[in-house]
């Protein structure tokens, strides 16, 4: 239908707008409304989806991680919330069982260097394929992030950053390595030559199951991880589009690093570029470290 000017619910048009009307928002930062026609007993048909955003929230379209919630910033990323709400138009429901954009969306984001990007993610992609099947042109995409599932928060999954752990685990106390907050991120203290557990989350956002995917671990002097950094180990993984895969792998910190210096422990999935992917920017991420 041609836009009639103005916005409203159940007017035959899919619309998105900002508002301070809490009768619409119901204390949520954004909300999607679905309008259906029931053709009982055969099927239901979604006629319209309307999305409202709370204009009192400090939204941003910035991809600079320092601006964002989750990295010490004061603004909520608009794109992650938009993907979540538009997901209801597929229609996807809220998820509280794994790392997922249909959970707490601003904690579902990819970062490498200073750049933070929103993305659909493995579970939402899998849900879309379940509902509609694969497209005729099959696209592949793998990704790795330094976020993971923590717990259910009502209907939503809550997410936290992945961590570094002692290896082997200590008998008493917390196996997580000591850390401190540094510029909105957690930086772990490690020793030269120390063997640790490095935790990252791997996703298959594409059409096909991928086997023997090469994953490399790197040491970098900055937060932008690439194959030009120093490789310190690697593994191979099999990834299907059915479960988000958060795992810990042993990594040895090089013994020749500078004491007192900051480094970034990086990871790159499909480091040999064997798979032709829709996006390559989500193939690398990091965890900050400080050498004791």
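The values are calculated or read from the model by the stated rules, or taken from the named source; none is laboratory data. Keep in mind it's a predicted model, so treat the numbers as computed, not measured. We place every Cβ from the backbone using ideal geometry, glycine too, and count neighbours over all the protein chains shown.
Please determine, by comparing only the residues of region 178-226 that are outside any strand (DSSP E or B) and crowded, with 21+ Cβ neighbours inside 10 Å, which one is nearest to the chain's Cα centre (by Cα). Applying the filter and picking the extreme gives 205.
Of the residues making up region 140-177, those that are part of a loop (DSSP other than H, G, I, E, B), under 23 Å from the mean Cα position of the chain (by Cα) and either modelled with pLDDT under 95 or surrounded by fewer than 16 Cβ atoms within 10 Å (Cβ to Cβ) (or both) number 2.
In the condition set (1) surrounded by fewer than 20 Cβ atoms within 10 Å (Cβ to Cβ); (2) without any contact (Cβ under 8 Å) to a residue 40 or more places away in the chain; (3) under 20 Å from residue 9 (Cα atoms), residue 75 is compliant with all but (3). Looking only at residues in region 85-117 that are under 9 Å from the mean Cα position of the chain (by Cα), in contact (Cβ under 8 Å) with a residue 60 or more places away in the chain and assigned to a loop (DSSP other than H, G, I, E, B), the one that is farthest from residue 129 (Cα to Cα) is 99.
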